[in-house]
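Just below is one structure, and these are the notes that go with it.
The values are calculated or read from the model by the stated rules, or taken from the named source; none is laboratory data. What you see is a predicted model; the values in this text were computed from it and never measured. Positions of Cβ are backbone-derived with ideal geometry, glycine not excepted, and every protein chain shown enters the neighbour counts. Keep in mind that these areas ignore ligands, DNA and RNA; they rest on the heavy atoms of the full protein, side chains included. Shrake-Rupley method; radii C 1.70, N 1.55, O 1.52, S 1.80 Å.
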Amino acid sequence: MPLLNKVRTAAVSGGSRGDTASLPLARLRLALTLFFALDGFLFAGWVVRIPAIKEQTGASAGDLGLALLGVSAGAVVTMTLTGRLCRRHGSHPVTVATAVLLSLSLALPALTRSPLALGLVLLLFGAAYGGINVAMNSAAVDLVAALRRPVMPSFHAAFSLGGMLGAGLGGLVAGSLSPTAHLLALTGVGLLLTAAAGPVLLRHPSPAPPESLRADPSGARPAGSRRAVLVFGVIALCTAYGEGALADWGALHLAQDLHAHPGVAAAGYALFALTMTAGRLSGTALLERLGQTRTLVAGGLTAGAGMLLGALAPTVWAALLGFAVTGLGLANIFPVAVARAGALAGPGGVATASTLGYGGMLLGPPANGFLADWFSLPVALTTVAALAAGAAVMGYASRNTGTQKRS
């Protein structure tokens, strides 16, 4: 199979690209990396305090579930709107504005005393979370095009590293800091980092998008491009489904079906997250060597094989190996899918792919719960493998999308 959709690494210079070449791309990349890490750090900080917030508000399990839907609803509704805002005002100012909103809204859940109030403030938090994800991914798509290097996975690696750091620190301080003090401290950290990295984005507009996106200033795209964006959005959904399923059901599978020690069961998702982070850190080198299509196909097939092992293995250690392989396989599929959608349709493409991907992360846990009731949890988890393989098939089928034939 030829190296399809491979991103060129030649330097941008001369002619009409002189303006792009003069931009401080390294500083823009560092600033965007900090925003990705901040996003993961703040979200993980909130997640580890959910049990304390539940107790503080007196919410039942059902009440908490409804309140947490506020995050999802706010994010999904805002993602499409953020794409329009990025087209109108630029992705850099929107990234900074949503980072400020995310930091401020993070403090609000700890101030609530009822499930209803919690759900309302989580709508705002979810709106900010969805907004910053679309805005910073849109900015990253433009920067990747200007750099002529496939560095998108490095941004998502920063998000994963930020999440691991936020969860780790949250676990350390959970016993000594109240939720109010902890989340207020995270708000301060978020505002400080935004103040440090934001001016870099505000001083410089996004690098010029690829020439294929300049023809129509209105943002309209051919019907074929819209269909292709949906395909890449579904690819993102298939892989995010696996992340959501493993986050909520991986430890239970190890403990319930394989009788793992609680500590070993808890380590299952940590191992998955660790290998996913490692895969994303090496993603740029992988994309430069294999190209986007081969990376999508290899990642989907690897994740599918790993999840079959993780779901059906008869021993704990074999299942842990399967989880680790699944993390490596899934690592770069979502970043590549979002980058391809953004290259095809700008911020609107990023918004569509992100919304579908986020929907997959929300779909995974309840879908696996229903399937576990009807069949068994190991059978339910094989759907992660099936969707990962489906992502590989769709990645191969869309191998020529958005590319031009070489003479």
- Message: I'd like to check something: does the range 131-153 contain any residue that is closer than 25 Å to Gly65 by Cβ, without any contact (Cβ under 8 Å) to a residue 24 or more places away in the chain and not charged (D, E, K, R)?
- Response: no
- Query: Within the range 304-321, which residues are surrounded by 24 or more Cβ atoms within 10 Å (Cβ to Cβ) and of a type outside the set (A, V, I, L, M, F, W, C)?
  - Reply: Gly304, Gly306, Gly310
- Item | the range 108-141, residues that are more than 20 Å from Gly357 (Cα to Cα) and not hydrophobic (A, V, I, L, M, F, W, C) | Pro109, Thr112, Arg113, Ser114, Pro115, Gly119
- Is it true that some residue in the range 224-240 is more than 30 Å from Ala318 (Cβ to Cβ), modelled with pLDDT under 80 and either in a helix (DSSP H, G or I) or of a type outside the set (Gly, Ala, Ser) (or both)? yes
- Task: Go through Arg340, Arg399 for me and flag whichever is charged (D, E, K, R), under 28 Å from Arg227 (Cβ atoms) and not in a helix (DSSP H, G or I).
- Result: Arg399
- Message: Yes or no: the range 62-70 includes at least one residue that is open to solvent by 10 Å² or more (accessible area, probe 1.4 Å) and either free of Cβ contacts under 8 Å to residues at least 40 places away in the same chain or within 21 Å of Leu192 (Cα to Cα) (or both).
- Response: yes
- Could we say that Arg88 is more than 21 Å from Ala31 (Cβ to Cβ) and without any contact (Cβ under 8 Å) to a residue 40 or more places away in the chain here? yes
- Meets criteria (surrounded by fewer than 18 Cβ atoms within 10 Å (Cβ to Cβ) and over 26 Å from Arg27 (Cβ atoms)) for Leu118: no
- Residue that is nearest to Gly291 (Cα to Cα), among those in the range 152-192 that are part of a helix (DSSP H, G or I) and open to solvent by 70 Å² or more (accessible area, probe 1.4 Å): Leu161
- Message: Just to check your reading of the model, which residue among Val379, Val325 is among the hydrophobic types (A, V, I, L, M, F, W, C), touching a residue at least 60 places away in the same chain (Cβ under 8 Å) and open to solvent by 30 Å² or more (accessible area, probe 1.4 Å)?
- Response: Val379
- Note on the structure: Of the residues in the range 18-56 that are more than 22 Å from the chain's Cα centre (by Cα) and closer than 15 Å to Arg149 by Cβ, the one that is modelled with the lowest pLDDT is Thr20
- Just for the range 275-295: of the residues that are of a type in the set (A, V, I, L, M) and surrounded by fewer than 17 Cβ atoms within 10 Å (Cβ to Cβ), which one is nearest to Gln256 (Cα to Cα)? Ala278
- Task: Test Ala59 against the criterion of being outside any helix (DSSP H, G or I) and within 22 Å of Ala181 (Cβ to Cβ), and give yes or no.
- Result: yes
- Message: What are the pairs with Cβ atoms under 9 angstrom where one residue, in the range 285-303, is in a helix (DSSP H, G or I) and the other, located anywhere, is open to solvent by less than 50 Å² (accessible area, probe 1.4 Å) and among the charged types (D, E, K, R)? Sequence gap at least six, or different chains.
- Response: Gln292/Arg340; Leu296/Arg340
- Query: Identify, please: which residue in the range 197-211 is over 17 Å from Cys86 (Cβ atoms) and open to solvent by 70 Å² or more (accessible area, probe 1.4 Å) and is, among those, modelled with the lowest pLDDT?
  - Reply: Glu211
- Does Arg113 count as in contact with a helix residue (DSSP H, G or I) (Cβ under 9 Å, 6 or more places away or on another chain), closer than 16 Å to Ile53 by Cα, at pLDDT below 95 and not in a helix (DSSP H, G or I)? yes
- Can you tell me which residue in the range 363-376 is nearest to Leu290 (Cα to Cα), limited to those that are open to solvent by 30 Å² or more (accessible area, probe 1.4 Å) and touching a Leu at 6+ places or on another chain (Cβ under 9 Å)? Leu363
- Taking the range 252-284 only, how many residues are among the β-branched types (Val, Ile, Thr) and free of Cβ contacts under 8 Å to residues at least 60 places away in the same chain? 2
